[in-house]
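Here's the structure, in structure tokens; my notes come after.
The values are calculated or read from the model by the stated rules, or taken from the named source; none is laboratory data. Just so it is clear, the structure is predicted and the values come from calculations on it, not from any experiment. As a convention, Cβ positions derive from the backbone with ideal geometry for all residues, glycine included, and neighbour counts pool all protein chains shown. Surface accessibility is based on the protein's heavy atoms, side chains included, excluding ligands, DNA and RNA. Shrake-Rupley method; radii C 1.70, N 1.55, O 1.52, S 1.80 Å.
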Amino acid sequence: MAINYPTKKTSYQKATSTSRRGMILEDDINLSNEYYLANNIAIIHKKPTPIVVVDVDYPSRNKAVITKAFYKTPSTTDYNGVYRGYYIDFEAKETTSKTSFPLKNFHEHQISHLKSIIEHGGIGFLIICFKEYGEVYLVELDLVLKYHDLNLRKSIPYEEIKEKSYLIKDGYNPRLDYLKCVDEIIKKRF
């Protein structure tokens, strides 16, 4: 069963600002993480983005608004936590492309961070949503590195992601059961 993500042709997408891009996938992951936590399956949280507040409009205590801030350091990845004794760390991305996942959507410091996680025995990966197909995949870092490190091309072909990655099944609880895919990685690697 494919996930019914809005496509770029819907009024929802036209009305949505670029700052909201990727939030549907993140909302589904957050709901899944709440389910995992509530059922004592895993502890996985969205990482806060480190910012420094420079200016605040403070008309009253309950109406304070940050008017100027900047990023303290580049953020690493979106999520981290512990599952079955393994540290996991991952980035969530969406694309409207039907043919590939553009590597420009994944930053150099994020790749370095995930490489370090894996070198230290953790599990690092990407969750990529192909919005046009309503499909979400767990993509291991090896596939990303194949294209990134060898400079084969500027994107990973959809067909290769479909063939070599894990399709994440959608459901009610959890919304995206990505830990079933992590179980497959654990079986394969450990």
Completion exercise
Per the filter on the range 142-181, residues among the acidic types (Asp, Glu) and either open to solvent by less than 40 Å² (accessible area, probe 1.4 Å) or closer than 26 Å to Ser32 by Cβ (or both) are Asp142, Glu160, Glu163, Asp170, Asp177
Exercise for the section: Kindly provide the set of residues from the range 166-187 that are hydrophobic (A, V, I, L, M, F, W, C) and in a helix (DSSP H, G or I), ordered by number. Expected result: Leu179, Cys181, Val182, Ile185, Ile186
Completion exercise
Restricting the range 104-116 to residues that are closer than 23 Å to Leu176 by Cα and either of a type in the set (A, V, I, L, M, F, W, C) or modelled with pLDDT of 95 or more (or both), the one surrounded by the fewest Cβ atoms within 10 Å (Cβ to Cβ) turns out to be Phe106
Completion exercise
Inside the range 138-165, the number of residues satisfying the requirement of being under 20 Å from His113 (Cα atoms) and part of a strand (DSSP E or B) is 5
Practice task
For the range 21-28, indicate whether the set of residues that are surrounded by fewer than 12 Cβ atoms within 10 Å (Cβ to Cβ) and either on the phi > 0 side of the Ramachandran plot or at pLDDT below 75 (or both) is non-empty.
Solution key: no
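Yes/no matrix, rows are residues, columns are (1) over 20 Å from Ser155 (Cβ atoms); (2) of a type in the set (Gly, Ala, Ser):
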{"position": "Val65", "(1), (2)": "yes, no"}
{"position": "Arg84", "(1), (2)": "yes, no"}
{"position": "Thr95", "(1), (2)": "no, no"}
{"position": "Phe101", "(1), (2)": "no, no"}
{"position": "Ser112", "(1), (2)": "no, yes"}
{"position": "Glu132", "(1), (2)": "no, no"}
{"position": "Glu135", "(1), (2)": "no, no"}
Exercise for the section: Kindly provide the set of residues from the range 76-103 that are surrounded by 15 or more Cβ atoms within 10 Å (Cβ to Cβ) and charged (D, E, K, R), ordered by number. Expected result: Asp78, Asp89, Glu91, Lys93, Glu94
Problem - Residue that is most open to solvent (accessible area, probe 1.4 Å), among those in the range 117-139 that are of a type in the set (D, E, K, R) and in contact with a Ser or Thr (Cβ under 7 Å, 6 or more places away or on another chain) - result: Glu132
